[in-house]
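Read through the structure below, which is laid out as structure tokens, and then see the notes.
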Amino acid sequence: MWDIVRGALRTRAAGLVAELGVADALADGPRPAAELALEVGAEADVLHRLLRALASDGVFAENDPGVFENTPASELLKRDGGWNDDAKFFGGIWYRAVGELEADGRPAFERVFGADFWSWLSEHPDEREAFDRAMEQGKERRVERLEPVEWRGDETVVDVGGGNGSLLTELLRRQPGLRGIVLDLPETVRDEAALGDRIEFVAGNFFERVPSGDVYVLGTVLHDWDDERAAAILRTIRAAAPDDARLLILDTVVPGGNEPGGAKWLDLLMLTLFAGKERSETQWRELLAAGGFEPVRFHDALIEAVPGPCR
């Protein structure tokens, strides 16, 4: 119970040190907290206490009194460590929103910031860029979820809501016969030159239209939306998809009973931010049917589906 009730403190502490860049400041080895504080712009005693608490959970290490160094866990908080932007969101704006989570089914983010998450991001370009980077982190793991898929080899893959194209770039690196299209909002921060000549970025809204392709990928998109809006996204794809197209959904399938699962906690974040949700297999089947698709296979974090009859 102690680990549960103190969770907010750990989240905030990790977010603070990520924002300050402490892990990067320790890249060359151990340093006194007072010296670190001068460099990163923190009060020395407070920084020492933050690092001491995190070190007790294996994030940083205090091997000499007041002197800290990185650990494998804190290395992840470097700018290129894979969790830096996530830590900032969880310990920053998401932390504030979670603090206002109620049992009324409304997204707390809107209540705190006066706008839905996506509108707020569009008005804060630095945060939008950080969010796109955060979504890029772990792209290798997301692509590995696609390993059960049998590729024909010459297909056009449409990554719907594909952000800066990092997922599709990695997929095409592993599958050199494929071509790709990334669909996302025009304000998405991206380097189109880095997409290469096999990937096209199309600015658009997936509630309105999507490009035609052979395979459609929805990478952690549908959990951002309630059932009505998620079904609308699927219907937009169904309207553009040939009858022999395939749909690949990279989202979790919530396990039943008391089985531990990060998806059950991620579900609460989706509720907080968007009134979205993680879904069980039964819920996925219902959603796919409402969107004009039929499931073929369920994996841990991958759902394969094909178009159903147009309605």
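The values are calculated or read from the model by the stated rules, or taken from the named source; none is laboratory data. Everything quoted here is computed from the prediction, not taken from an experiment. When we count neighbours, we look across all protein chains shown, and the Cβ atoms used for this are built from the backbone with ideal geometry, even at glycine.
Values for this structure:
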item: Complete set of residues in segment 1-50 that are among the acidic types (Asp, Glu), modelled with pLDDT of 95 or more and either touching a Leu at 6+ places or on another chain (Cβ under 6 Å) or under 29 Å from Val98 (Cα atoms) (or both); result: Glu19, Asp24, Glu43, Asp45
item: Candidate set: segment 208-254, residues that are modelled with pLDDT under 95 and among the polar types (S, T, N, Q); chosen: the one farthest from Thr156 (Cα to Cα); result: Thr252
item: Members of segment 220-252 that are among the polar types (S, T, N, Q) and closer than 25 Å to Glu144 by Cα; result: Thr220, Thr252
item: Of all residues in segment 288-300 being surrounded by fewer than 17 Cβ atoms within 10 Å (Cβ to Cβ) and assigned to a loop (DSSP other than H, G, I, E, B), the one that is modelled with the lowest pLDDT; result: Asp300
item: Within segment 3-105, helices (runs of 4 or more DSSP H) holding 3 or more residues that are within 22 Å of the chain's Cα centre (by Cα) and not acidic (Asp, Glu); result: 7-20, 72-75, 84-91, 93-98
item: Members of segment 214-235 that are out of contact with any helix residue (DSSP H, G or I) (no Cβ under 8 Å at 6 or more places or on another chain) and farther than 22 Å from Phe117 by Cα; result: Asp214, Val215
item: Residue ID - nearest to Gly308 (Cα to Cα), chosen from residues in segment 188-225 that are among the acidic types (Asp, Glu) and touching a Phe, Trp or Tyr at 6+ places or on another chain (Cβ under 8 Å); result: Asp224
item: Among (1) on the phi > 0 side of the Ramachandran plot; (2) in contact with a strand residue (DSSP E or B) (Cβ under 7 Å, 6 or more places away or on another chain), the one test that Leu288 misses; result: (1)
item: Contacts under 8 angstrom Cβ, first residue in segment 143-160 being more than 14 Å from Ala245 (Cα to Cα) and not assigned by TED's automatic domain parsing to the domain that holds Pro242, partner of a type in the set (A, V, I, L, M) and exposed (fewer than 11 other Cβ atoms within 10 Å of the Cβ), 6 or more apart; result: none
item: Number of the condition not met by Arg311 [criteria: (1) loosely packed, with under 15 Cβ neighbours inside 10 Å; (2) at pLDDT 95 or above]; result: (2)
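Residues checked against (1) crowded, with 19+ Cβ neighbours inside 10 Å; (2) closer than 20 Å to Val210 by Cα:
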site: Met135; (1), (2): yes, no
site: Arg142; (1), (2): yes, no
site: Arg145; (1), (2): no, no
site: Val149; (1), (2): no, no
site: Arg152; (1), (2): no, no
site: Asp159; (1), (2): yes, yes
site: Gly163; (1), (2): yes, yes
site: Leu168; (1), (2): yes, yes
